[in-house]
1. Just to verify a number: FRET efficiency for Glu221 and Lys248, C-beta to C-beta distance, R0 = 41 Å, to 0.05?
2. Hey, fewest Cβ within 10 Å first, where do Cys65, Cys255 land in order?
3. Give me the percent of DSSP beta bridges within segment 40-266 that run antiparallel, rounded to the nearest 5.
4. Rounded to a whole number, what is D in µm²/s for segment 40-266 from Stokes-Einstein with the Kirkwood radius over alpha-carbon pairs (4 °C, 1.567 mPa s)?
5. With a 10 Å Cβ neighbour count serving as the proxy for reagent exposure, in which order, fewest first, do Cys44, Cys152, Cys251, Cys63 appear?
6. Please report Arg209, Arg201 as a ranked list, fewest other C-beta atoms within 10 angstrom at the top and most at the bottom.
7. Describe numerically, in nm with one decimal, the distance between label points set 7 Å from Cα along Cα→Cβ at Lys259 and at Thr211.
8. Under a crude label model (7 Å from the Cα following the beta-carbon direction), how far is Arg231 from Glu108 in nanometres?
Amino acid sequence: MVDCSSGWKCCGRKALADKVVEADPPRPEGGSTSKKAGARIDCCCGKVTIELAASKPRGHVQCACTECWQHLAWAEKQGGPKAAKIPDGIYFDNAFIGKEGEITKGIEYLQPTVLHGGAGTIRVIASCCKSTMFATSAGYLGKAIAVYPAGCKLSNAEDFPLMLRMSMIDYDEEMRGGPPTPVEKGVPVVWRGAGGMAAPRSGYNITTRMTPIFATSVKYEGYPVAKLMERLGETVDLQQPDLNKPHKALCSQICEDLKYRYPGPYIDPNVQRSEQEPLTAREAD
Ligand SMILES: [Zn+2]
Ligand SMILES: [Zn+2]
């Protein structure tokens, strides 16, 4: 397994309640030579570097859905960094730095993937070391890309409080090797994910917290992910099994959603978070 320590640290701060996501003022010129660079995504072996225009995230969620985990677990099996049981997803403006369709280093290693046919999220990996560099989806409405700090080295990104943990319906202790990682008290933990908007409690939390991530326009100078994707090869279907459970009848979904209470564990505020919740492969060996 490769060593992959993200420079990114999660917050020890209180949950973001209903704060509206505001972006930084725009960069003067989106040039890659600018000293005021945004977030940087490196693959774990150092062959690939991607720079984003924004250093301030648009949002931060933890997604316990089958596919976020399954992708990182697949990558780990191929020699990539250790998968997180519930990955953090950090959203940034859909604005890449540099010449359109170029990245700073190692574009030849970038490989778009989907877990299986019909999967909506494209996760772009670095083929050299099976790092996961970013994810893109039509559902992001062209406004954002997502980065899993567990799958790559994310640096020069501002801290952003966790807004939501979702999709606990998919969390399978046996499959993921034990109970969930602790979460900070006050962060809403909901049963369904974005695909389960019929679920009233989950849907309310997802809508209020995540809508601003995809509603606000791109504030930074840079080129969009679509331009980069044009330069990359065909999306590879990893042909992994579709582990999504079939939806239950609507009435029982609503009931279960309303009934769901996260049983813990929670982060102990008296202990350093890094001792409780490894975000990257750093602590895994
Ligand atoms: Zn690499
Ligand atoms: Zn997910």
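1. 0.35
2. Cys255, Cys65
3. Looking only at bridges with both residues in segment 40-266, the antiparallel portion is about 80 percent.
4. Numbers: Rh = 18.0 Å.
Stokes-Einstein gives a translational diffusion coefficient of 72 µm²/s.
5. Cys251, Cys63, Cys44, Cys152
6. On the way: Arg209 24, Arg201 17.
Ranked by crowding around the Cβ, least crowded first: Arg201, Arg209.
7. 2.9 nm
8. Using points 7 Å along Cα→Cβ, the separation is 1.4 nm.
Quick note: the coordinates plus some simple rules give every number you see, no bench work behind them. Note that this is a predicted model, so its numbers are computed, not measured. FYI the Cβ positions are ideal-geometry reconstructions off the backbone, even for glycines, and counts take in every protein chain you see.
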